[in-house]
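Structure record follows, encoded as structure tokens.
The values are calculated or read from the model by the stated rules, or taken from the named source; none is laboratory data. This is a predicted model, so every value here is computed, not measured. FYI the Cβ positions are ideal-geometry reconstructions off the backbone, even for glycines, and counts take in every protein chain you see.
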Amino acid sequence: MWTRRFAGWAAVAATAVALVGPAAPAAQAAGPHREWTISWQPCAADPAAECGTLSLPVDWDEPDGERFTLALARRAATDPAARVGSLVFGPGGPGDSGVQRVLTGLHRFSDDLRRRFDIVSFDPRGVGGSNPVRCATDLLAAQPHVIAD
């Protein structure tokens with residue numbers, strides 16, 4: 001099961017890298033079960049950056065089943081002639097927004113990285129613009145109760 005989930009996230013990462021090529025209105029790449037599309041648009045909070053969404057399976061064992069939306073943001077390389085690719089990074093966490101890092105936290109990346117790479121990230125599920133995580137009531141009721149000292 002973990003192998004499939006890892007393979008699924010590896011596919012997302014590979015797809016994201018393929019999809020974040022040079023800044024363009026839309027890009028496509030074939031995934032293991034379907035074609036995924038990101039329609040990049042100027043971000044409302046900062047039109048110099050681009051935002052989009054990616055629809056992914058909730059359960060990689062059922063790729064055609066229920067889906068969720070992952071929010072993405074990218075900032076194009078500052079020197080298109082020197083661009084060598086995309087730098088896709090995970091925002092960390094828990095609860096960190098990769099979209100906000102692209103919009104307001106680029107100081108974390110050197111001028112040379114920003115010159116040569118599109119900077120791309122995402123909001124993990126349950127964070128920012130991505131779908132919330134929904135849990136069954138019985139699972140929530142079964143969670144351990146923490147008692148503070």
Kindly establish whether Asp138 is free of Cβ contacts under 8 Å to residues at least 12 places away in the same chain, acidic (Asp, Glu), more than 19 Å from Cys51 (Cα to Cα) and surrounded by 10 or more Cβ atoms within 10 Å (Cβ to Cβ). no
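Tell me the residue from Arg125, Arg101, Arg74 that is under 12 Å from the mean Cα position of the chain (by Cα), of a type in the set (D, E, K, R), part of a loop (DSSP other than H, G, I, E, B) and surrounded by 14 or more Cβ atoms within 10 Å (Cβ to Cβ), please. Walk me through it before giving the result.
Working: Arg101 fails: part of a loop (DSSP other than H, G, I, E, B); Arg74 fails: part of a loop (DSSP other than H, G, I, E, B).
It is Arg125.
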Identify, please: which residue in the stretch 39-56 is in contact with a Cys (Cβ under 9 Å, 6 or more places away or on another chain) and in contact (Cβ under 8 Å) with a residue 40 or more places away in the chain and is, among those, nearest to Thr69 (Cα to Cα)? Cys51
Pairs needed: first member in the stretch 100-114, polar (S, T, N, Q); second member anywhere, at pLDDT below 95 and surrounded by 14 or more Cβ atoms within 10 Å (Cβ to Cβ); C-beta distance under 7 Å; at least 6 residues apart or different chains. Gln100/Gly128
Tell me whether the stretch 110-119 contains one or more residues that are surrounded by 15 or more Cβ atoms within 10 Å (Cβ to Cβ), of a type in the set (Phe, Trp, Tyr), in a strand (DSSP E or B) and in contact with a Lys or Arg (Cβ under 9 Å, 6 or more places away or on another chain). yes
